[in-house]
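Structure, as structure tokens:
The values are calculated or read from the model by the stated rules, or taken from the named source; none is laboratory data. Just so it is clear, the structure is predicted and the values come from calculations on it, not from any experiment. When we count neighbours, we look across all protein chains shown, and the Cβ atoms used for this are built from the backbone with ideal geometry, even at glycine. Accessible surface is based on the protein model in full, side chains and every heavy atom, while ligands, DNA and RNA are left aside. Shrake-Rupley method; radii C 1.70, N 1.55, O 1.52, S 1.80 Å.
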Amino acid sequence: MATNCLFCKINSGEIPGKFIYEDEDLIAFADINPQAPHHYLLVPRRHIPTTLDLTADDAALIGRIYLAAGKIARQLGFAEAGFRVVNNCNEAAGQTVWHIHFHLLAGRNLTWPPG
Ligand code: 5GP
Ligand code: ZN
């Protein structure tokens, strides 16, 4: 756990959060500032700052993020309509929380290219 990391604090319960999904390695909860009718953050429990900090040992962890995204999409009923999984890495991509996370967005027609 990293001190002063928002998502580490949500994971530990120091900051309360309602998990829509959790397992041994991951948590998922609603984004506080939703950009779509469904907007969740999939977050590894372990503190990893950015995509660039991943190692080969994390390959299965990132695979499980996508499996969890599909599971949530089916459970919440937007799998067939479509959804997007997005990871922002570093400032130019819009990363603002320095604990790796994947946005799961759905519930409207998502434009491409993204802004
Ligand atoms: P990033 O910009 O780093 O890709 O995504 C960070 C996300 O975290 C943003 O979409 C932002 O709305 C969300 N966020 C920031 N603070 C909180 C919080 O305290 N609780 C929750 N649930 N989401 C947060
Ligand atoms: Zn953290």
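Taken together, 75, 95 contain a single residue that is at pLDDT 95 or above, open to solvent by 70 Å² or more (accessible area, probe 1.4 Å) and not β-branched (Val, Ile, Thr), which is 75.
Taking the range 22-40, which residues are touching a Lys or Arg at 6+ places or on another chain (Cβ under 7 Å) and either under 21 Å from residue 59 (Cα atoms) or β-branched (Val, Ile, Thr) (or both)? Once the filter is applied, which keeps residues that are touching a Lys or Arg at 6+ places or on another chain (Cβ under 7 Å) and either under 21 Å from residue 59 (Cα atoms) or β-branched (Val, Ile, Thr) (or both), the range 22-40 yields 25, 26, 27. Out of 40, 66, one residue alone is open to solvent by less than 50 Å² (accessible area, probe 1.4 Å) and among the hydroxyl-bearing types (Ser, Thr, Tyr). It is 40. The single condition among (1) farther than 28 Å from residue 112 by Cα; (2) near ligand 1 (Cβ under 9 Å from one of its atoms); (3) open to solvent by 50 Å² or more (accessible area, probe 1.4 Å) that residue 34 does not meet is (1). Among the residues of the range 78-92, those identified as open to solvent by 20 Å² or more (accessible area, probe 1.4 Å), of a type in the set (A, V, I, L, M, F, W, C) and touching a residue at least 24 places away in the same chain (Cβ under 8 Å) are 81, 83, 85, 86, 89.
Note on the range 61-84: residues that are out of contact with any His (no Cβ under 7 Å at 6 or more places or on another chain) and outside any helix (DSSP H, G or I) total 7. Of all residues in the range 1-27, those satisfying the criterion of being closer than 16 Å to residue 98 by Cα, more than 11 Å from ligand 1 (Cβ to nearest atom), open to solvent by 60 Å² or more (accessible area, probe 1.4 Å) and not hydroxyl-bearing (Ser, Thr, Tyr) are 1, 4. Listed by position, the strands (runs of 3 or more DSSP E) inside the range 1-58 whose residues that are away from ligand 2 (no atom under 16 Å from the Cβ) and either touching a Phe, Trp or Tyr at 6+ places or on another chain (Cβ under 9 Å) or of a type in the set (Lys, Arg) (or both) number at least 3 form an empty set.
Any residue in the range 79-90 that is touching a helix residue (DSSP H, G or I) at 6+ places or on another chain (Cβ under 8 Å) and farther than 20 Å from residue 21 by Cα? Yes, because at least one residue in the range 79-90 is touching a helix residue (DSSP H, G or I) at 6+ places or on another chain (Cβ under 8 Å) and farther than 20 Å from residue 21 by Cα.
Residue-wise test of (1) within 16 Å of residue 85 (Cβ to Cβ); (2) within 9 Å of ligand 1 (Cβ to nearest atom); (3) among the hydroxyl-bearing types (Ser, Thr, Tyr); (4) at pLDDT below 95.
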| site | (1), (2), (3), (4) |
| --- | --- |
| 29 | yes, yes, no, no |
| 49 | no, no, no, no |
| 56 | no, no, no, no |
| 61 | yes, no, no, no |
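Within the range 98-109, residues that are on the phi > 0 side of the Ramachandran plot and among the charged types (D, E, K, R) reach no partner that is assigned to a strand (DSSP E or B) and within 16 Å of ligand 2 (Cβ to nearest atom) with beta carbons closer than 9 Å at six or more positions or on different chains.
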